[in-house]
Amino acid sequence: AQSVTQPDIHITVSEGASLELRCNYSYGATPYLFWYVQSPGQGLQLLLKYFSGDTLVQGIKGFEAEFKRSQSSFNLRKPSVHWSDAAEYFCAVGDMNSGYSTLTFGKGTMLLVSP
Amino acid sequence: NAGVTQTPKFRVLKTGQSMTLLCAQDMNHEYMYWYRQDPGMGLRLIHYSVGEGTTAKGEVPDGYNVSRLKKQNFLLGLESAAPSQTSVYFCASSRGLNSYNEQFFGPGTRLTVL
């Protein structure tokens with residue numbers, strides 16, 4: 001079965017510093033990959049997604065992610081973190097077992113931003 | 001557009017009671033989903049629907065039932081609530097065709113079962 005692993009449960013970054021959140025997936029074919037963000041008490045919002053083509057994907061709020069097939073990774077990056085980026089971040093992959101009708105989510109990484 | 005709305009926002013049940021959570025979307029989306037979110041577990045899919053009148057089981061369907069009688073609504077039912085069903089429930093919808101299309105999420109329903 002396919003799966004998504006986010007190795008870091010919590011990450012603390014100073015405001016203005018760069019950020020990288022890790023995501024690894026297990027999947028045989030070329031995956032559909034997503035990053036979602038959840039602010040406290042809110043639903044999830046899509047940051048960016050990858051299907052094919054350029055392996056560096058740009059998203060909203062200044063985020064980007066790079067698909068690396070050789071490492072089975074889709075890490076999320078931001079060059080300079082703002083206090084408003086404090087939230088929980090979820091990586092997800094399209095589920096081939098449902099005919100790609102559904103997503104499998106990782107367990108999330110909580111980002112804390114220190115002043 | 002209201003997007004995806006969920007009713008109610010909060011609910012407390014006693015063990016054995018039943019309830020229905022309502023999800024509504026005004027984006028004419030084909031696909032709808034129900035997830036539960038528990039600390040450290042991420043989002044787990046309960047049931048989903050790829051069109052009016054269709055439903056399918058997700059990763060954790062036991063103890064839940066769903067119905068999609070109208071395209072814009074997706075109902076999640078708990079027939080006999082258990083404390084293990086204490087969770088935050090999220091509904092989502094997408095345009096469909098495949099999971100490449102963005103899922104839009106509702107604000108969530110926080111359910112406590114005593």
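The values are calculated or read from the model by the stated rules, or taken from the named source; none is laboratory data. Keep in mind the model is a prediction, meaning the values are calculated, not measured. Note: ideal-geometry Cβ built from the backbone for every residue, glycine included; neighbour counts use all protein chains shown. Ligands, DNA and RNA are stripped out before the accessible areas are found, and what is left, the full protein with its side chains, is counted by its heavy atoms. Shrake-Rupley method; radii C 1.70, N 1.55, O 1.52, S 1.80 Å.
Of the residues A:Val113, A:Val4, A:Val93, only one is part of a strand (DSSP E or B), among the β-branched types (Val, Ile, Thr) and open to solvent by 30 Å² or more (accessible area, probe 1.4 Å); which? Answer to the check: A:Val113. As a summary of the residue check, B:Asp26 satisfies the conditions (1) out of contact with any Lys or Arg (no Cβ under 7 Å at 6 or more places or on another chain); (2) surrounded by 15 or more Cβ atoms within 10 Å (Cβ to Cβ) except for the one numbered (2).
Does segment A:53-66 contain at least one residue that is within 14 Å of another protein chain (Cβ to nearest Cβ) and in a loop (DSSP other than H, G, I, E, B)?
Initial filter on segment A:53-66 (within 14 Å of another protein chain (Cβ to nearest Cβ)): A:53, A:57, A:59-60.
Then keep just the ones that are in a loop (DSSP other than H, G, I, E, B); that gives A:53, A:59.
Yes, segment A:53-66 contains a residue that is within 14 Å of another protein chain (Cβ to nearest Cβ) and in a loop (DSSP other than H, G, I, E, B).
Exactly one residue among B:Arg36, B:Arg68, B:Arg95 is open to solvent by less than 10 Å² (accessible area, probe 1.4 Å) and within 14 Å of chain A (Cβ to nearest Cβ), and that residue is B:Arg68. Checked against the criterion of being farther than 11 Å from A:Val93 by Cβ and at pLDDT below 95, the candidates A:Ser14, A:Ser70, A:Ser3, A:Ser26 yield just one match: A:Ser70. Against the conditions (1) under 30 Å from B:Thr7 (Cβ atoms); (2) touching a residue at least 12 places away in the same chain (Cβ under 8 Å); (3) open to solvent by 40 Å² or more (accessible area, probe 1.4 Å), A:Gly41 satisfies every one except (2). Here is the figure for segment B:39-65: residues that are surrounded by 16 or more Cβ atoms within 10 Å (Cβ to Cβ) and not in a strand (DSSP E or B) total 7.
Selection over segment B:1-22 of residues that are more than 15 Å from A:Leu44 (Cα to Cα) and either within 11 Å of chain A (Cβ to nearest Cβ) or touching a Phe, Trp or Tyr at 6+ places or on another chain (Cβ under 9 Å) (or both) gives a count of 3. So in segment B:53-65, with the set limited to residues that are more than 14 Å from every other protein chain (Cβ to nearest Cβ) and without any contact (Cβ under 8 Å) to a residue 24 or more places away in the chain, which one is nearest to A:Gln2 (Cα to Cα)? Per the stated criteria, the residue is B:Asp62.
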